[in-house]
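Structure, as structure tokens:
The values are calculated or read from the model by the stated rules, or taken from the named source; none is laboratory data. Only a predicted model underlies this, so the values are computations on that prediction, with no experimental measurement involved. Cβ coordinates were reconstructed from backbone atoms using ideal geometry, including for glycine residues, and neighbour counts include every protein chain displayed.
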Amino acid sequence: MSKKSIFCIATSRDQADQIVDGLRSAKFSNQHVAVLFLDKSTSHGAAREQNGGALEWLTDTDTVAVPGAGPFIAAGPIIAAWRGAAARAAVGVVALGLIGLGLPEPDARSYEGQVNAGHILISVHSDHWEEIPQAKDIFTKAGAHHVCTAGDLTVKNHLSLLFS
């Protein structure tokens, strides 16, 4: 994988909007920002209307239905990896897609649990390492949880402590 990635969990829509607004203000390309969350609406059209605001800035937004898991809203680079995973399995699809983006399996499984619990996964994918600390700063200032870079095996999974 040539791209470097950083991931976080936003626990509310307001927090996700704040993070995406921060990334946009910092001149990150909307093609390099990805978001994944459960679609709690009853229809695809309603999901698009509800997901306005900062998330509207993102490109390639789509709803993906996963048998046994429900519909998810995905935007950005995560769509291709996630669709490939959805075609292979109905259980653990979120984690499989994240592993495909370079996350270690324990972190991918943890993110999957948080997305399934209704939280919002946000990631930035870049060809340049120097952009990763800037994205991390935006995540941290917004109070995001479980900030992790792809391939960073030293990051430990603390989500059970954060949400217990």
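Table: residues versus (1) in contact with a helix residue (DSSP H, G or I) (Cβ under 8 Å, 6 or more places away or on another chain); (2) in a strand (DSSP E or B); (3) of a type outside the set (D, E, K, R); (4) surrounded by fewer than 16 Cβ atoms within 10 Å (Cβ to Cβ).
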{"position": "Ile6", "(1), (2), (3), (4)": "yes, yes, yes, no"}
{"position": "Gly22", "(1), (2), (3), (4)": "yes, no, yes, no"}
{"position": "Lys27", "(1), (2), (3), (4)": "no, no, no, yes"}
{"position": "Gln31", "(1), (2), (3), (4)": "no, no, yes, yes"}
Look through segment 117-150, keep the residues that are touching a strand residue (DSSP E or B) at 6+ places or on another chain (Cβ under 6 Å) and among the hydroxyl-bearing types (Ser, Thr, Tyr), and return whichever of them is farthest from Ala34 (Cα to Cα).
Thr149
Kindly indicate whether any position in segment 40-49 is out of contact with any helix residue (DSSP H, G or I) (no Cβ under 9 Å at 6 or more places or on another chain), modelled with pLDDT of 75 or more and in a helix (DSSP H, G or I).
no
Six or more apart or on different chains, Cβ atoms under 6 Å: show the pairs whose first residue is in segment 6-32 and touching a residue at least 24 places away in the same chain (Cβ under 8 Å) and under 17 Å from Ala75 (Cα atoms) and whose second is in a loop (DSSP other than H, G, I, E, B) and β-branched (Val, Ile, Thr).
Asn30/Thr59; Gln31/Thr59
In contact with a helix residue (DSSP H, G or I) (Cβ under 6 Å, 6 or more places away or on another chain), hydrophobic (A, V, I, L, M, F, W, C) and farther than 22 Å from Leu23 by Cβ, is that true of Leu96?
yes
Could you list all residues from segment 97-119 that are among the hydrophobic types (A, V, I, L, M, F, W, C) and within 15 Å of His146 (Cα to Cα)?
Leu98, Leu103, Ala108, Val115, Ala117
Go through segment 120-140 and give me each residue that's buried (at least 22 other Cβ atoms within 10 Å of the Cβ), more than 11 Å from Lys4 (Cα to Cα) and not aliphatic (A, V, I, L, M).
Phe139
